[in-house]
1. May I ask you to say which residue of 7, 17, 21 is under 21 Å from residue 99 (Cβ atoms) and in contact (Cβ under 8 Å) with a residue 40 or more places away in the chain?
2. Identify, please: which residue in the range 26-51 is at pLDDT below 95 and hydroxyl-bearing (Ser, Thr, Tyr) and is, among those, nearest to residue 115 (Cα to Cα)?
3. Applying the selection to the range 1-27, what residues are of a type in the set (Ser, Thr, Tyr) and part of a loop (DSSP other than H, G, I, E, B)?
4. Considering only residues that are of a type in the set (A, V, I, L, M, F, W, C), open to solvent by less than 20 Å² (accessible area, probe 1.4 Å) and under 26 Å from residue 14 (Cβ atoms), which ones fall in the range 24-47?
5. State the number of residues belonging to the range 99-109 that are within 13 Å of the chain's Cα centre (by Cα) and surrounded by 12 or more Cβ atoms within 10 Å (Cβ to Cβ).
6. Name the residue, out of 11, 20, that is at negative phi and within 11 Å of the chain's Cα centre (by Cα).
7. Scanning the range 28-47 for residues that are touching a residue at least 60 places away in the same chain (Cβ under 8 Å) and in a loop (DSSP other than H, G, I, E, B), which turns out farthest from the chain's Cα centre (by Cα)?
8. Taking the range 1-17 on its own, how many of its residues are touching a Gly at 6+ places or on another chain (Cβ under 8 Å) and either farther than 25 Å from residue 72 by Cβ or open to solvent by less than 30 Å² (accessible area, probe 1.4 Å) (or both)?
Amino acid sequence: QVQLVESGGGLVQAGGSLRLSCAASTNMVTITAMGWFRQAPGKQRELVATLTRGGGTNYADSVKGRFTISGDIAKNTVYLQMNNLKPEDTAVYYCNALVVRTDYWGQGTQVTVSS
């Protein structure tokens, strides 16, 4: 019912910046919230940041002050501005959309930060 397409990943040196974008296509469903998760090799998928329809945001402690989530849930778009990137930010980043109690996921985009 919901398809998510991410873009904007890539390779960057430590201290650099990247901006991820996600656009959702829906079939007459209402998205409650959108966000970004990431999964590094050998680790579990973890929350990075979320944005609610009402504009509320939530961040993982590890990215506070460096990452900013923005977008317009009513328009099915969300962005993640990532500044001062660190090697430990290297992971596949997944866009997420919440519809009632169902999570939808994008295919993921690789972010690699070199030291």
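The values are calculated or read from the model by the stated rules, or taken from the named source; none is laboratory data. This structure is a prediction, so every number in the text was calculated from the model and none was measured. Reconstructed Cβ throughout: ideal geometry from the backbone, glycine too, with neighbour counts over all protein chains shown. With ligands, DNA and RNA removed, areas are computed over all heavy atoms of the protein, side chains included. Shrake-Rupley method; radii C 1.70, N 1.55, O 1.52, S 1.80 Å.
1. Of 7, 17, 21, the one residue that is under 21 Å from residue 99 (Cβ atoms) and in contact (Cβ under 8 Å) with a residue 40 or more places away in the chain is 21.
2. Result: 32.
3. 17
4. Listed by number, the list holds a single entry, 36.
5. Looking only at that region, the number is 5.
6. That would be 20, the only listed residue that is at negative phi and within 11 Å of the chain's Cα centre (by Cα).
7. By that ranking, first place goes to 29.
8. Number of matching residues: 2.
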